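The values are calculated or read from the model by the stated rules, or taken from the named source; none is laboratory data. What you see is a predicted model; the values in this text were computed from it and never measured. Neighbour counts are summed over all protein chains in view; Cβ atoms, including those assigned to glycine, are modelled from backbone coordinates with ideal geometry. Please note that ligands, DNA and RNA were not included when accessible areas were found on the heavy atoms of the full protein model with its side chains. Shrake-Rupley method; radii C 1.70, N 1.55, O 1.52, S 1.80 Å.
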Amino acid sequence: MTAEFARNVSPDVEIALHPIPTPDAKPYIVTVGPDGLLWFCESGTAKIGRLDPDSGAFTEFATPTADSRPIGIIAGPDGNLWFCENAANQIARITPRGAITEFALPTAGAGPDGIMSGPDGNLWFSEAHVSRIGRITPAGVVTEFSDGLSPGCRPLSIVVRDGDLWFSEYAAGRIGRITVTGKVTEYPVPTPDSEPRAMVAHPDGNIWFVQTQANGLGRIDRQGKVTEFPVKTPDASLRGVTVAPDGDLWFTENFANKIGRMSPDGQVIGEYAIPGANCGARAIVAAPDGRLFFSAHDAGAIGEVIPKRR
């Protein structure tokens, strides 16, 4: 790998930080691309970054619009990656070679945030500032949905389950579901003001999400029943969550500067210190080979987690 800020080694995990070439990159969402490489948004420098997880080589692509503040990114059904330009109020597409096309949203100040490849062949995204869910076709046609969403709910993350889109409502403390035809159902989270954010669909059919204020992970089943599981470190400020190939949940603890691991039955397996203080861990994604990668927003780095044992 390329130069590192630091590396922590323990009997359970090995964690390293790999600095992004451009200073103040402020990386946010990280995803695995159709090419097997890691792609991420640089919210501080208006770039899309790419990391080869084997060689450690970084490549960066500037967005056509300056100060666009890209946040969410996902591999699309067309072999490209799609991302949200939060400040520019656009959805954009980037090819594996780095060519970027931008599509303006019809509603001003929508604040696009999370994005997911839908079961219908389109891309679905959250409009956090106006509390809507958007849909964009691979050709760039945008439709927005607001009926059924609580005013001011601020949707963020989106995942797919059973042909529907499920999303977190950060401000309303709910989990929403929208069909591909636009019908919305909302499910309350038991703890008030829990701040649900990042979500991930588990192979067992459940959806897991972080609860930043409630200091734990939540799980919602197919019937909409929510179960909550606290973590051990107080005021950890969970931000990202993913599922490893073995089914365990891995999550970031922003304030605690740790990476956590939980079994699918809700038992905390461990919480592991990130090398370097106050790195600002945000999103986390599992690579096919079992490694995990996370965005160190405040440190301007991509973190790598190598599990050693359970």
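Looking at the stretch 141-155, which of the residues that are surrounded by fewer than 23 Cβ atoms within 10 Å (Cβ to Cβ) and among the hydrophobic types (A, V, I, L, M, F, W, C) is nearest to Asp193 (Cα to Cα)? Outline the logic, then answer.
So in the stretch 141-155, the residues surrounded by fewer than 23 Cβ atoms within 10 Å (Cβ to Cβ) come out as 141-148, 150-154.
From what's left, among the hydrophobic types (A, V, I, L, M, F, W, C): 141-142, 145, 153.
Numbers: Val141: 35, Val142: 31, Phe145: 24, Cys153: 11 Å.
So, considering only residues that are surrounded by fewer than 23 Cβ atoms within 10 Å (Cβ to Cβ) and among the hydrophobic types (A, V, I, L, M, F, W, C), the one nearest to Asp193 (Cα to Cα) is Cys153.
I'm trying to understand the selection: among the residues of the stretch 44-72, which are hydrophobic (A, V, I, L, M, F, W, C), within 19 Å of Gly303 (Cβ to Cβ) and in a loop (DSSP other than H, G, I, E, B)?
We begin by selecting, within the stretch 44-72, every residue hydrophobic (A, V, I, L, M, F, W, C); these are 46, 48, 51, 57-58, 61-62, 66, 71.
Now drop any that are not within 19 Å of Gly303 (Cβ to Cβ), which leaves 48, 51, 57-58, 71.
Matches in the stretch 44-72: Ala57 only.
Restricting to the stretch 175-201, and then to whatever is surrounded by 22 or more Cβ atoms within 10 Å (Cβ to Cβ) and over 16 Å from the mean Cα position of the chain (by Cα), can you tell me which residue is farthest from Phe229 (Cα to Cα)?
Ile178
I'd like to know if the stretch 116-123 contains one or more residues that are open to solvent by less than 20 Å² (accessible area, probe 1.4 Å), farther than 24 Å from His202 by Cα, among the small types (Gly, Ala, Ser) and touching a Lys or Arg at 6+ places or on another chain (Cβ under 8 Å).
Our first condition is that a residue be open to solvent by less than 20 Å² (accessible area, probe 1.4 Å); within the stretch 116-123, this holds for 118, 123.
Those still in the list that are farther than 24 Å from His202 by Cα too: none.
No, every residue in the stretch 116-123 fails to be open to solvent by less than 20 Å² (accessible area, probe 1.4 Å), farther than 24 Å from His202 by Cα, among the small types (Gly, Ala, Ser) and touching a Lys or Arg at 6+ places or on another chain (Cβ under 8 Å).
Note down all Cβ pairs under 8 Å where the first residue falls in the stretch 143-165 and is basic (Lys, Arg), the second is part of a loop (DSSP other than H, G, I, E, B), and they're at least six residues apart or on different chains.
Short answer, once both residue conditions are applied: Arg154/Ala128; Arg154/His129; Arg154/Ser131; Arg154/Tyr170; Arg154/Ala171; Arg154/Ala172; Arg161/Gly205; Arg161/Arg222.
Could you tell me whether any residue of the stretch 202-219 is open to solvent by 50 Å² or more (accessible area, probe 1.4 Å) and either free of Cβ contacts under 8 Å to residues at least 40 places away in the same chain or among the hydrophobic types (A, V, I, L, M, F, W, C) (or both)?
Pass one, the stretch 202-219, residues open to solvent by 50 Å² or more (accessible area, probe 1.4 Å): 203-204, 213, 219.
Applying the additional criterion that residues be either free of Cβ contacts under 8 Å to residues at least 40 places away in the same chain or among the hydrophobic types (A, V, I, L, M, F, W, C) (or both) yields 213.
Yes: the stretch 202-219 contains one or more residues that are open to solvent by 50 Å² or more (accessible area, probe 1.4 Å) and either free of Cβ contacts under 8 Å to residues at least 40 places away in the same chain or among the hydrophobic types (A, V, I, L, M, F, W, C) (or both).
Give me the pairs: first residue in the stretch 235-249 and β-branched (Val, Ile, Thr), second residue open to solvent by 10 Å² or more (accessible area, probe 1.4 Å) and in a loop (DSSP other than H, G, I, E, B), beta-carbon distance under 9 Å, and six or more apart or on different chains, which are they?
Short answer, once both residue conditions are applied: Val243/His202; Val243/Pro203; Val243/Pro264.
Which residues, counting only those in the stretch 268-310, are open to solvent by 40 Å² or more (accessible area, probe 1.4 Å) and either aliphatic (A, V, I, L, M) or out of contact with any strand residue (DSSP E or B) (no Cβ under 8 Å at 6 or more places or on another chain) (or both)?
Ile269, Ala273, Ala277, Asn278, Asp289, Asp298, Ile306, Arg309
Which one is nearest to Val142 (Cα to Cα), of the residues in the stretch 73-106 that are polar (S, T, N, Q) and in a strand (DSSP E or B)? Break it down stepwise before answering.
Within the stretch 73-106, the subset polar (S, T, N, Q) is 80, 86, 89-90, 95, 101.
Going one step further and asking which of them are in a strand (DSSP E or B), we end up with 90, 101.
Working: Gln90: 10, Thr101: 14 Å.
Filtering first and then ranking leaves Gln90.
Would you point out the residue of the stretch 124-140, among those that are part of a strand (DSSP E or B) and not aromatic (Phe, Trp, Tyr), that is surrounded by the most Cβ atoms within 10 Å (Cβ to Cβ)?
Restricting attention to the stretch 124-140, the residues satisfying the condition of being part of a strand (DSSP E or B) are 124-127, 132-136.
Filter again for not aromatic (Phe, Trp, Tyr), leaving 126-127, 132-136.
On the way: Ser126: 32, Glu127: 26, Arg132: 21, Ile133: 23, Gly134: 26, Arg135: 20, Ile136: 23.
Within the stretch 124-140, the match that is surrounded by the most Cβ atoms within 10 Å (Cβ to Cβ) is Ser126.
So which residues in the stretch 32-76 are modelled with pLDDT of 95 or more, open to solvent by 40 Å² or more (accessible area, probe 1.4 Å) and among the acidic types (Asp, Glu), if there are any at all?
If the condition is that a residue be modelled with pLDDT of 95 or more, open to solvent by 40 Å² or more (accessible area, probe 1.4 Å) and among the acidic types (Asp, Glu), then Asp35, Asp52, Glu60, Asp67 are the ones that fit.
Based on this model, can you work out whether Leu105 counts as crowded, with 16+ Cβ neighbours inside 10 Å, more than 20 Å from the chain's Cα centre (by Cα) and not charged (D, E, K, R)? I'd like the intermediate steps shown before the answer.
Details: crowded, with 16+ Cβ neighbours inside 10 Å: yes; more than 20 Å from the chain's Cα centre (by Cα): yes; not charged (D, E, K, R): yes.
Here the answer is yes, as Leu105 does meet what is asked.
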